[in-house]
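Contents: one structure, followed by commentary.
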Amino acid sequence: MTTPSHARISKAVIPAAGLGTRFLPATKATPKEMLPVVDKPAIQYVVEEAAAAGLSDVLMVTGRNKRPLEDHFDRNYELEEALHRKGDGSRLAKVQESSDLATIHYVRQGDPRGLGHAVLCAAPHVGDQPFAVLLGDDLIDPRDPLLRRMIEVQEQHGGSVIALMEVDPASIHLYGCAAAAPTGDDDVVTVSDLVEKPEPGEAPSNLAIIGRYVLDPAVFEVLRKTDPGRGGEIQLTDALQALAADTGLGGPVHGVIFKGRRYDTGDRGDYLRAIVRLACEREDLGPDFRAWLRSYVTEEM
Ligand code: UTP
């Protein structure tokens, strides 16, 4: 039994070792987290989000195609020098931005045995402090901050905090699903049970788990004992279910209900929606792109 931890959160773990099979062939040799959303790889938005929430120590869990990820967050002296010589300060700043965001560490998952296994690979780096997990293919609009609120809730209650979003009951079978009870805060629930991708009719609610977590380090102990679940993978949801069922293990599990904009960039449809929406809203690209989109929709569809 572990004492629920109330220590300050400073570390973020970003699992990015999945196979990305929904996005083949693009992901044959490139991690899906490197696919561009407008002009930045999806994962840069995620690291920016961690940094904006005050988490400047980031551990990326990578897989066989880790090189592009490491290169993206490293300095590129040759390119920087070329842009410097050309006097192209604005592009130089864009190149340097990704290497200045946070201190990034890497650990290799080896065999992608599921999200729970990816999180377990972070145990030696994280130690015995609570920590955040941000899925590398899940994009939360920076204007709708979620992680900061989750950290606040963890600091208030201890234990672990998951992010939940209300979805159409017809699509809850695509997600992990939470059984939850209200608390005094409108956006916070107490989680009593979790089911990964429930069969139709067996979902305890329409509250879907999305890719942000603030976890008590007790989760590692539970993950070590968690057998492969759905799809033969070690599921993070199964470990969280154990924490929710027995608060003596690592404190309670709370959920923060998120009502903002979120995109699953590992899903082709959502990826396209993210690009169109973010491009439309950009000051530099938006005016031209919106005009083109309007005429495309009215004249050609
Ligand atoms: P997904 O289930 O969306 O990733 O995992 P996937 O397996 O790459 O996707 P598809 O279904 O084959 O297209 C959610 C997150 O967990 C990471 C993924 O990289 C993604 O960010 N993950 C998943 C790992 O790091 N390791 C794993 O073994 C599995």
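Values quoted throughout were computed directly from the atomic coordinates according to the rules given, and no laboratory measurement underlies them. Since the structure is predicted, the reported quantities are computational estimates derived from the model, not experimental observations. Note that we place each Cβ from the backbone using ideal geometry, even for glycine, and neighbour counts take in every protein chain shown.
Given the peptides 129-138, 184-193, 13-22, 30-39, arrange them by the average over their residues of other C-beta atoms within 10 Å, most packed first.
Output ranking for 129-138, 184-193, 13-22, 30-39: 129-138, 13-22, 30-39, 184-193.
Can you tell me the 0 to 90 degree angle between the C-alpha axis of helix 286-300 and the longest principal axis of the chain, rounded to 10?
90
Sort GLU199, GLU152 by Cβ crowding within 10 Å, fewest neighbours at the top.
Listing GLU199, GLU152 from fewest to most nearby Cβ atoms yields GLU199, GLU152.
Farthest toward the dipole's positive end in the chain, which of LEU120, PHE258, GLN109, given Cβ charges of +1 (Lys, Arg) and -1 (Asp, Glu) about the Cα centre?
GLN109
Label the range 218-266 by shape, choosing from rounded, prolate and oblate, from the square roots a ≥ b ≥ c of the eigenvalues of the Cα gyration tensor; if a/c is under 1.5 it is rounded, and otherwise prolate applies when a/b is larger than b/c, oblate when it is not.
Oblate.
In terms of the Cα gyration tensor, with a ≥ b ≥ c the square roots of its eigenvalues, is the range 1-131 rounded because a/c is under 1.5, prolate because a/b exceeds b/c, or oblate?
Note, shape of the range 1-131 comes out oblate.
Kindly express, to the nearest 10 degrees and within the range 0 to 90, the angle between helix 147-157's C-alpha long axis and the longest C-alpha principal axis of the chain.
20
With springs only between Cα atoms under 10 Å, which of ASN206, ASN65, ASN76 fluctuates most in a Gaussian network model of the chain?
In this elastic network of the chain, the residue with the biggest mean-square fluctuation among ASN206, ASN65, ASN76 is ASN76.
Relative to the first principal axis of the alpha-carbon coordinates of the chain, what is the inclination of helix 268-281, with its axis defined by its Cα atoms, in degrees from 0 to 90 and to the nearest 10?
Tilt relative to the chain: about 60 degrees.
When N counts the residues of the chain, how does its alpha-carbon radius of gyration compare numerically with 2.2 N^0.38 Å, as a ratio?
Output field value: 1.03.
Towards the positive end of the charge dipole of the range 19-166, with charges on Cβ (+1 Lys, Arg; -1 Asp, Glu), say which of LEU83, ILE162, THR27 has the farthest Cα.
Of the listed residues, the answer is THR27.
Short version: ³J(HN,Hα) in whole Hz for each residue of the range 13-22, in order, from phi by Karplus 6.51 cos²θ - 1.76 cosθ + 1.60 (θ = phi - 60°), x for Gly and Pro, what are they?
10, 10, x, 9, 10, x, 7, x, 5, 5
Set the Förster distance to 51 Å, then compute FRET efficiency between ASP128 and CYS280 from the Cβ-Cβ distance, nearest 0.05.
According to the calculation, E is roughly 0.70.
Quick one: what are the phi-derived ³J(HN,Hα) couplings along the range 191-205, Karplus 6.51/-1.76/1.60 with θ = phi - 60°, whole Hz, x for glycine and proline?
Those phi angles translate into 9, 10, 7, 9, 10, 7, 6, x, 5, x, x, 10, 6, x, 6 Hz.
Please list the non-local residues whose amide H lies under 5 Å from the amide H of GLY159, H modeled 1.01 Å from N, same-chain partners needing a gap of 5 or more.
Result for GLY159 returns SER5.
Let me see the pair-distance distribution of the range 86-214: every alpha carbon pair, 5 Å bin width, integer percents in order.
Percent of Cα pairs in each bin: 2, 8, 14, 18, 19, 15, 10, 6, 4, 2, 1, 0, 0.
Hey, got the dipole for the range 198-290? About the Cα centre, +1 on K and R Cβ, -1 on D and E Cβ, debye to the nearest 20?
Taking the Cα centre of the range 198-290 as origin, the dipole is about 300 debye.
Report relative contact order for the range 1-82 in percent, whole number only (criteria: Cα-Cα under 8 Å, sequence separation at least 6).
39
How large is the charge dipole for the chain, taken about the Cα centre, if only the Cβ atoms of Lys, Arg (+1) and Asp, Glu (-1) carry charge, to the nearest 20 debye?
That gives a dipole near 600 debye.
Rounding to the nearest 20 debye, state how big the charge dipole of the range 47-148 is about its Cα centre with +1 on each Lys and Arg Cβ and -1 on each Asp and Glu Cβ.
It comes to approximately 220 debye.
What is the count of Lys pairs in the chain whose alpha carbons sit under 24 Å apart, if the two are 8 or more places apart or on different chains?
For the chain, the number of qualifying lysine pairs is 17.
Of all the Cα-Cα pairs you can form in the range 228-298, what percent are over 19 Å apart?
63
Can you give me the relative contact order of the range 221-301 as a percent, contacts being Cα pairs under 8 Å and 6 or more apart?
12
Loop only by DSSP, 16 or fewer other Cβ within 10 Å of the Cβ. Give me the trypsin sites (Lys or Arg not before Pro) in the range 104-173 that pass, ordered by residue number.
ARG113, ARG143
Amide H to amide H under 5 Å from GLN235: which residues, 5+ apart in sequence or cross-chain, H placed 1.01 Å off N in plane?
GLY116, GLY229
Quick one: which of 266-276, 248-258 comes out on top by average Cβ neighbours within 10 Å, and what's the full order, highest first?
Highest-to-lowest ranking by the protection proxy: 248-258, 266-276.
Got a sec to turn the phi values of the range 44-58 into Karplus ³J(HN,Hα) couplings, 6.51 cos²θ - 1.76 cosθ + 1.60 with θ = phi - 60°, whole Hz, x for Gly and Pro?
5, 4, 5, 5, 4, 5, 4, 4, 5, 8, x, 9, 9, 10, 10
Counting other beta carbons within 10 Å of each Cβ, put LYS259, LYS11, LYS94 in order, fewest first.
Going from least to most buried by this count: LYS259, LYS94, LYS11.
Could you give the length gained on full extension between LEU79 and SER295, defined as 0.36 nm per residue of separation minus the Cα-Cα distance, in nm?
That pair, LEU79 and SER295, stretches by 74.0 nm at full extension.
Length gain on complete extension for the stretch ARG261 to GLN96, per 0.36 nm per residue less the alpha carbon to alpha carbon distance?
Net length gain for the segment: 56.7 nm.
I need SER10, SER205 ordered by Cβ neighbour count within 10 Å, fewest first.
Taking fewest neighbouring Cβ atoms as first place, the list is SER10, SER205.
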